[in-house]
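First up is the structure itself, then whatever we jot down about it.
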Amino acid sequence: MKWAVPRPIDATLRGKKSNAWAVIMAGGSGTRFWPESRKHLPKQFLNLLGPQTLLEQTFRRLLKVVPASRILVFTAREKARATAKLLGIPGTQVIGEPVGRNTAPCAAWAASYVLKKDPSAVLGIFPADHYIGDTKTFARVVRVAFEQAEEKGVPVTLGIQPVGAHTGYGYLERGDSAGTVRGTRVFSLKRFCEKPERAVAERYFRSGKFMWNAGIFVWRADCLLETTRRYLPAVFKAVVKITMDGLSPVAIGRLFKKVPHISIDYGLMEKLRGTILMIPVSMGWNDVGNWATLRDLLPRDGKGNVALGKTLLVESSGNVVKGRDRLIATVGLKDHVVVDSGDAILVCPMHATESIRKIVAVLNQKKLDRFL
């Protein structure tokens, strides 16, 4: 490929000047955290794991690797101003998408935007709503990813070392070794794998060759944009026009609404099989996918309950209970989620938390917009 020509590592990534940029993708809705997650307050803006929102935690982690002035945030247009205020960054670093079009158009837009500012930019792409417990390991591995993307001219992804046979994650199959960089092993990526059935997930886990796909990618911006031109030409044409000087918000909206809704995995990465690098890493990662995940991330009482707010749990175990102004009392309750958001109450078995999005779908059907 024309763009995959190696170039010398910028002195930066070794400690001097930096051409590392990051884009935080904060456009998701997080419907599985209903009733707290709403259209005006999606998951990444919730304080689920302490005083900081998930978006703030993501931004703070990246400061260990990328200067604050080189961190961009993509979010819904109506949340752009509040996002800039939350993170304490200029509004020019928050890009408001007129509509959601998944991660490939977002990444291409970011690449086109940063290339106008820095033709040598290396762009890291990060979800806004994940938890990472070991931030030191995260920073170390991401620095290596930036170096490898810069030097080799190919995308680099992080593969999360699995701790079990999870069926809710996509998987990455490890290929041959591509060397060791300052103690960090780098491999070729053999293939992306869809979310598997239980038996397949167990086979993946036993093999030791499969990692969880965290959706973290690092890539030279020029390579990313050229790959978009090659495989998603409609997206390429739109984002190049969008980043032209002087284009009005209305014109940007018209252009972006026409691009396909497609993920970076499907739209770009799967087209590059054999030319992607992967770094396996164990860093306390969790995608904070639903209420059940809080049981693994927050302190529990002696019976395995996570109890937040005004709660009284009697002869109850393994629950996540979150109250507000009024008391939530349970007796004999086991493995359930109970959440009071003030105007709505959720009661759900722990094993069914992935299906909470069905409630949102029904609320939409019934036009109960005040609960969305």
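The values are calculated or read from the model by the stated rules, or taken from the named source; none is laboratory data. This structure is a prediction, so every number in the text was calculated from the model and none was measured. FYI the Cβ positions are ideal-geometry reconstructions off the backbone, even for glycines, and counts take in every protein chain you see.
Inside the range 60-92, residues that are without any contact (Cβ under 8 Å) to a residue 40 or more places away in the chain and under 16 Å from residue 19 (Cα atoms) make up a count of 3.
Per the conditions (1) without any contact (Cβ under 8 Å) to a residue 40 or more places away in the chain; (2) farther than 21 Å from residue 40 by Cα; (3) surrounded by 17 or more Cβ atoms within 10 Å (Cβ to Cβ), the sole criterion not satisfied by residue 348 is (1). The single condition among (1) under 16 Å from the mean Cα position of the chain (by Cα); (2) within 26 Å of residue 225 (Cα to Cα); (3) among the aromatic types (Phe, Trp, Tyr) that residue 109 does not satisfy is (1). Note on the range 341-372: residues that are assigned to a helix (DSSP H, G or I), in contact with a helix residue (DSSP H, G or I) (Cβ under 6 Å, 6 or more places away or on another chain) and of a type outside the set (S, T, N, Q) total 6. For the range 286-300, give me each residue that is in a loop (DSSP other than H, G, I, E, B) and touching a strand residue (DSSP E or B) at 6+ places or on another chain (Cβ under 9 Å). Matches in the range 286-300: 287, 288, 290, 298, 299, 300.
Table: residues versus (1) in a helix (DSSP H, G or I); (2) within 23 Å of residue 28 (Cβ to Cβ).
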{"residue": "180", "(1), (2)": "no, no"}
{"residue": "187", "(1), (2)": "no, no"}
{"residue": "192", "(1), (2)": "no, yes"}
{"residue": "199", "(1), (2)": "yes, no"}
{"residue": "213", "(1), (2)": "no, yes"}
{"residue": "229", "(1), (2)": "yes, no"}
{"residue": "237", "(1), (2)": "yes, no"}
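For the range 164-204, a tally of residues being over 20 Å from residue 263 (Cβ atoms) and either polar (S, T, N, Q) or surrounded by fewer than 16 Cβ atoms within 10 Å (Cβ to Cβ) (or both) returns 15. Per the listing 86, 49, the residue uniquely assigned by TED's automatic domain parsing to the domain that holds residue 118, touching a Phe, Trp or Tyr at 6+ places or on another chain (Cβ under 8 Å), of a type in the set (A, V, I, L, M, F, W, C) and in a helix (DSSP H, G or I) is 86. Output the residues belonging to the range 122-138 that are over 16 Å from the mean Cα position of the chain (by Cα) and either surrounded by 24 or more Cβ atoms within 10 Å (Cβ to Cβ) or in a helix (DSSP H, G or I) (or both). Of everything in the range 122-138, those that are over 16 Å from the mean Cα position of the chain (by Cα) and either surrounded by 24 or more Cβ atoms within 10 Å (Cβ to Cβ) or in a helix (DSSP H, G or I) (or both) turn out to be 122, 136, 137.
Flag: residue 172 does not match the condition of being assigned to a strand (DSSP E or B), in the same structural domain as residue 270 (by TED's automatic domain parsing) and touching a helix residue (DSSP H, G or I) at 6+ places or on another chain (Cβ under 8 Å). Scanning the range 303-326 for residues that are touching a Ser or Thr at 6+ places or on another chain (Cβ under 9 Å) and either farther than 17 Å from residue 50 by Cα or part of a loop (DSSP other than H, G, I, E, B) (or both) gives 303, 304, 305, 311, 312, 313, 314, 315, 316, 319, 323, 324. Set side by side, the residues 303, 322 differ, and just one is crowded, with 19+ Cβ neighbours inside 10 Å and on the phi < 0 side of the Ramachandran plot, which is 322.
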